[in-house]
Amino acid sequence: MKVIVQEGLFDPYQETRDYEEKCLPVGKHGAVVTFVGTMRDFNDGHNVSSMFLEHYPGMTERHIEEVCEEAAQKWDVIDALVLHRHGEISISEPIVLVAVWSAHRAHAFDACRYIINYLKERAPFWKCESTQQGKRWVEHNTEDPGVNAKGLKQSA
Amino acid sequence: MNITVRYFANMRDRMGRAEDTVSIDGDAVTVEELWSKVSPQEGLPSNVLIAVNMEYTDGSRVLKNGDEVAFFPPVTGG
């Protein structure tokens with residue numbers, strides 16, 4: 001498993017393909033589920049022009065790694081890749097990639113959803129949005145209305 | 001003992017600084033007591049998150065020499 005927190009822009013689809021080619025054993029996985037979080041131009045009723053994403057170097061990586069390890073204990077995960085940006089982010093740019101490889105889709109779906117939901121709950125990142133009214137810290141994340149992280153934990 | 005204190009996001013804005021180095025006498029100092037030293041005018045905000053040496057904890061955690069304590073708001077990554 002690999003966790004990278006970086007400032008630079010990345011192509012999540014190319015990163016997924018490259019990682020699979022370099023790190024996955026041939027013929028063992030039957031599913032790869034990817035989640036790509038991207039930058040909206042609106043949030044909480046305001047137009048947003050850009051965003052600065054602050055993090056706590058060291059703690060952020062540690063907690064994403066813990067979440068990935070938890071997912072690998074709960075489901076049959078062959079491998080996982082998480083890339084997360086920090087710093088200045090522009091509209092439509094990717095913020096985060098979670099890719100999970102498994103033999104079967106159910107494990108890949110659930111593990112991917114667990115990782116992104118718990119990452120959002122525990123990894124120390126903070127979004128500061130630029131709006132027409134000035135800069136503001138985002139105070140809460142949007143929730144996953146389908147199956148929240150705790151629901152997944154209970155069903156695992 | 002010496003404690004490094006770090007503030008992130010709106011906690012840094014609120015404190016007006018990113019970091020403090022605090023020297024405290026005694027060997028059973030809690031995070032709450034540390035907070036009263038770095039912010040004597042204002043109690044610990046109710047929604048603040050606390051980490052000691054990059055692990056989440058709470059205000060009752062007893063500190064030791066060399067610990068790094070961080071105060072920050074709820075996280076909003078992803």
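Readers should treat all values here as calculations from the given coordinates under stated rules, not as data from a laboratory. Since the model is a prediction, treat every value here as computed from it, not as a measurement. Positions of Cβ are backbone-derived with ideal geometry, glycine not excepted, and every protein chain shown enters the neighbour counts.
Points to keep in mind about this one:
- Estimated vicinal HN-Hα couplings, Hz - the range A:44-60 in sequence order (Karplus 6.51, -1.76, 1.60; Gly, Pro = x): 6, x, 10, 6, 10, 9, 6, 8, 10, 10, 8, 9, 10, x, x, 5, 4
- Sorted by Cβ neighbour density within 10 Å, fewest at the top, the residues A:Thr34, A:Thr16: A:Thr34, A:Thr16
- The C-alpha radius of gyration of the protein assembly as shown, expressed as a fraction of 2.2 N^0.38 Å, stands at 1.11.
- Here is the list for the range B:14-47: trypsin sites (Lys or Arg not before Pro) lying in DSSP coil, each with at most 16 other C-beta atoms within 10 angstrom of its C-beta, are B:Arg17.
- Antiparallel bridges, percent of DSSP beta bridges restricted to the range B:2-72 (to nearest 5): 75
- In chain A, the calculated helix contribution to ellipticity at 222 nm averages -11000 deg cm²/dmol per residue, counting -39,500 (n - 2.57) for every DSSP H run with n ≥ 4.
- Summary of the geometry: the range B:1-23 and the range A:8-23, compared by the centres of their Cα atoms, lie 37 Å apart.
- Relative contact order (%) - the range B:2-72, alpha-carbon pairs under 8 angstrom, separation at least six: 44
- The range A:1-93: C-alpha pair distances exceeding 16 Å, %: 64
- Cα centroid separation - the range B:27-72 against the range A:61-101, whole Å: 29
- Flagged links, alpha-carbon separation over 27 Å, of A:Lys22/A:Lys127; A:Lys74/A:Lys120; A:Lys28/A:Lys74: A:Lys22/A:Lys127
- Residue by residue, the range A:95-109 carries 3J(HN,Hα) couplings of 9, 8, 10, 10, 10, 10, 10, 8, 5, 9, 5, 4, 5, 5, 4 Hz when phi is fed to the Karplus relation 6.51 cos²θ - 1.76 cosθ + 1.60 (θ = phi - 60°); x denotes Gly or Pro.
- Among the trypsin sites (Lys or Arg not before Pro) in the range A:33-105, those located in a DSSP loop and surrounded by at most 14 other Cβ atoms within 10 Å of their own Cβ are A:Arg40.
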